[in-house]
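Below: the structure, in structure tokens.
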Amino acid sequence: MILQQTEDNKTGHFEGYASVFNVVDRGNDLIMPGAFRRSLRDRGAGGIKILWQHDPKEPVGILDEIYEDVKGLYIRGRLILDVGRAREARQLLGAGALDGLSIGFHTVKSRERSDGVRLLKEVDLWEISLVTFPMNEQARIASFKSDFTTAVDETAFVAGLRHLTALMAPPARNDATGHYQKEERK
């Protein structure tokens with residue numbers, strides 16, 4: 001991945017998966033697809049808070065988008081940069097020192113498997129936190145836009161450069177001196 005400098009990304013926007021389905025977490029819980037459906041319908045993005053390390057006294061951002069897909073609970077949000085802790089979070093996220101997400105919820109419907117894993121079929125989601133160590137190892141921020149850094153997919157970047165180069169290139173040269181020669185038609 002290449003880091004590209006830009007001047008217009010002073011926003012603290014982030015996105016990723018706050019929960020990944022069918023993964024046994026450190027607490028021996030496994031969240032099933034559809035577990036968030038009712039909370040998302042009832043609360044929407046505005047009713048779910050973004051906190052720092054699950055501390056209700058430290059809100060640091062707001063959700064712009066949240067939904068379930070086949071992988072898990074996708075979120076897109078932004079830090080409130082007028083808040084001191086959010087500025088600290090921006091620095092940690094930008095440096096790669098912090099990338100975990102974790103959810104705060106109450107269990108509504110669950111059952112225990114024979115191996116002791118608790119299957120969470122429905123949960124009442126009320127917060128998502130930026131954390132150092134997520135319970136679900138796959139719950140991570142995938143993209144973060146901070147001051148002067150934006151992650152760029154290297155393969156897409158190189159492909160784009162090749163495409164632009166091909167569009168701007170003059171027709172092929174026919175001799176070593178760089179002169180163009182018209183092809184004679186027969």
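The values are calculated or read from the model by the stated rules, or taken from the named source; none is laboratory data. In this text, all values refer to a predicted model and were calculated from it rather than measured experimentally. Here the Cβ is made from the backbone with ideal geometry for all residues, glycine too, and neighbour counts use every protein chain on show.
Take the stretch 97-141 and flag every residue that is more than 13 Å from Gly27 (Cα to Cα), of a type in the set (S, T, N, Q) and part of a strand (DSSP E or B).
Passing the criteria: Thr107, Ser110, Ser129.
So Lys71 clears everything in (1) at pLDDT 95 or above; (2) buried (at least 16 other Cβ atoms within 10 Å of the Cβ) except one condition, right? Which one?
(2)
Pull out all pairs, ordered by first then second residue, where Cβ-Cβ is under 9 Å, the residues are six or more apart or on different chains, the first lies in the stretch 42-53 and is within 23 Å of Glu88 (Cα to Cα) and modelled with pLDDT of 95 or more, and the second is basic (Lys, Arg) and not in a loop (DSSP other than H, G, I, E, B).
Ile50/Arg78; Leu51/Lys57; Trp52/Arg85
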